[in-house]
Amino acid sequence: MKIAVLGGDGIGPEVTAQSVKALRAVSANSGPQFEMAEALIGDAAYDKFGDPLPASTLEMAGKADAILFGAAGTYESDLRPAESRGGHGLLRLRKHLDLYANFRPCFAFPELIGASTLKREAIEGVDLVVLRELTGDIYFGTPRGVSRDADGQRVGINTMRYTEGEIRRVLHAGFKAARMRRRKLCSVDKANVLETSQLWREVAIEVSRDYPDVELKHEYVDAMAMHLIRRPRDFDVIVTGNIFGDILSDAAAMLTGSIGMLPSASLGEGGRGLYEPVHGSAPDITGKDMANPLASILSTAMMLRHSGGMEAEAQLVERAVRQVLADGYRTGDIMEAGATRLGCDAMGDAVATAILKLKG
Ligand code: IPM
Ligand code: MG
């Protein structure tokens with residue numbers, strides 16, 4: 001399996017390095033072999049090549065079976081034009097590879113219930129997936145930009161735009177995912193205000209006719225923000241557009257205890273995918289060996305499952321993560337009284353050791 005390792009910015013390279021350790025442990029003692037190559041993306045690539053997604057990185061990613069991604073963008077580049085913004089490199093990569101279905105599974109680890117700011121009764125047993133459309137919406141719609149109006153005032157413009165084809169394919173992905181789980185799909189929109197959302201809802205209803213065995217419900221995005229916190233157990237698969245999914249998935253992360261625990265897989269047609277933790281580059285803790293690498297390591301498990309067809313190895317990595325949590329190891333973001341606090345690097349070592357032990 002050929003893997004492009006794109007650590008990116010901030011804590012991205014720190015957490016990705018721990019995933020590489022996990023993969024080496026999976027390979028040890030005649031396990032599957034991985035061909036890994038690193039390249040720059042994000043602000044790091046812009047600083048060196050003047051482009052947050054250099055042609056060489058794009059070419060390498062295009063040839064790989066899977067991309068292991070860290071994070072892109074820092075506060076420094078936030079106010080620059082899109083072409084020179086680190087995060088834009090990631091957006092272009094997703095778009096270029098047409099990775100339109102972004103799965104963000106949210107599972108309440110029993111060991112971490114106490115680490116969440118939410119009450120135990122609310123989050124115990126949570127097991128849901130946010131399926132975020134990833135290549136359309138206000139992220140890519142045109143016109144966009146800052147210009148001047150007739151009075152010379154600056155105006156910022158972005159365009160929320162979805163074609164029915166874009167909506168239909170991610171809805172199909174949602175129904176299929178629900179079929180493999182508890183057969184409940186909740187489509188999230190803002191159909192009481194936005195035409196884009198009215199189209200989204202109409203298409204959702206049309207697609208649902210192909211899946212009579214799956215229950216389809218609709219929620220407005222504002223109400224959904226509340227339901228996620230109040231009664232998250234009621235949800236199985238949540239499908240929504242790019243911007244709503246970006247926001248809701250950060251909220252959903254808190255159900256797991258920390259955003260440092262939430263993995264993701266971005267898939268298109270075919271087996272190739274991009275795997276990344278849902279958290280960002282976290283400039284405030286960069287270089288301090290404090291980041292939680294478990295979201296990246298759990299993303300690696302998703303990579304083994306979806307792009308590698310290695311279900312047993314995926315489960316091995318997931319079991320190793322459960323094992324280190326059960327052994328009482330925690331990074332700062334999920335720290336609790338009585339636990340042993342580890343840095344990013346030591347947490348990566350702990351998971352790699354657990355993988356080796358579980359292999360026997
Ligand atoms: C995410 C991130 C990205 C996004 C940023 C870094 C461009 O927030 O993957 O959720 O908005 O998609
Ligand atoms: Mg986000």
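A few points about this structure:
- Taking first residues from segment 233-251 that are more than 9 Å from ligand 2 (Cβ to nearest atom) and open to solvent by less than 50 Å² (accessible area, probe 1.4 Å) and partners that are of a type in the set (Lys, Arg) and assigned to a strand (DSSP E or B), the Cβ contacts under 6 Å between residues at least 6 apart in sequence or on separate chains come to ASP236/LYS184.
- The listed residues are ILE247, ILE243, ILE229, and the only one of them that is in a helix (DSSP H, G or I), farther than 17 Å from CYS106 by Cα, in the same structural domain as ALA178 (by TED's automatic domain parsing) and not polar (S, T, N, Q) turns out to be ILE243.
- The listed residues are PRO52, PRO32, and the only one of them that is open to solvent by less than 10 Å² (accessible area, probe 1.4 Å) and not in a helix (DSSP H, G or I) turns out to be PRO52.
- Pair list, Cβ < 6 Å and 6+ apart or interchain, from segment 93-114 residues that are closer than 12 Å to GLY245 by Cβ and among the aliphatic types (A, V, I, L, M) to residues that are assigned to a strand (DSSP E or B) and open to solvent by 10 Å² or more (accessible area, probe 1.4 Å): ALA101/LEU267
- Criterion: under 25 Å from HIS227 (Cβ atoms), more than 21 Å from the chain's Cα centre (by Cα) and open to solvent by less than 40 Å² (accessible area, probe 1.4 Å) - qualifying residue of ALA115, ALA122, ALA173, ALA108: ALA122
- Matching residues, segment 263-282, being out of contact with any Asp or Glu (no Cβ under 6 Å at 6 or more places or on another chain), within 12 Å of ligand 1 (Cβ to nearest atom) and not in a strand (DSSP E or B): PRO263, GLU276, PRO277, VAL278, HIS279, GLY280, ALA282
- Enumeration of residues in segment 77-96 that are farther than 18 Å from ASP137 by Cβ and either open to solvent by less than 30 Å² (accessible area, probe 1.4 Å) or more than 11 Å from ligand 1 (Cβ to nearest atom) (or both): SER77, LEU79, ARG80, PRO81, GLU83, SER84, GLY86, GLY89
- When restricted to residues that are touching a helix residue (DSSP H, G or I) at 6+ places or on another chain (Cβ under 7 Å), outside any loop (DSSP other than H, G, I, E, B) and within 16 Å of ligand 1 (Cβ to nearest atom), segment 104-138 contains 9.
- Meets criteria (at pLDDT below 95, over 23 Å from SER281 (Cα atoms) and not in a helix (DSSP H, G or I)) for GLY141: no
- Those residues of segment 313-340 which are under 19 Å from THR353 (Cβ atoms) and open to solvent by 60 Å² or more (accessible area, probe 1.4 Å), in sequence order: GLN315, ARG319, ARG322, GLN323, ALA326, ASP327, TYR329, THR340
- In the set GLY260, GLY287, only one residue is away from ligand 1 (no atom under 12 Å from the Cβ), assigned to a loop (DSSP other than H, G, I, E, B) and not β-branched (Val, Ile, Thr); that residue is GLY287.
The values are calculated or read from the model by the stated rules, or taken from the named source; none is laboratory data. All values reported here derive from a predicted model rather than from experimental measurement. Cβ sites come from the backbone with ideal geometry, for glycine too, and all protein chains shown count toward neighbours. Protein only, heavy atoms only, side chains kept; ligands, DNA and RNA dropped before computing areas. Shrake-Rupley method; radii C 1.70, N 1.55, O 1.52, S 1.80 Å.
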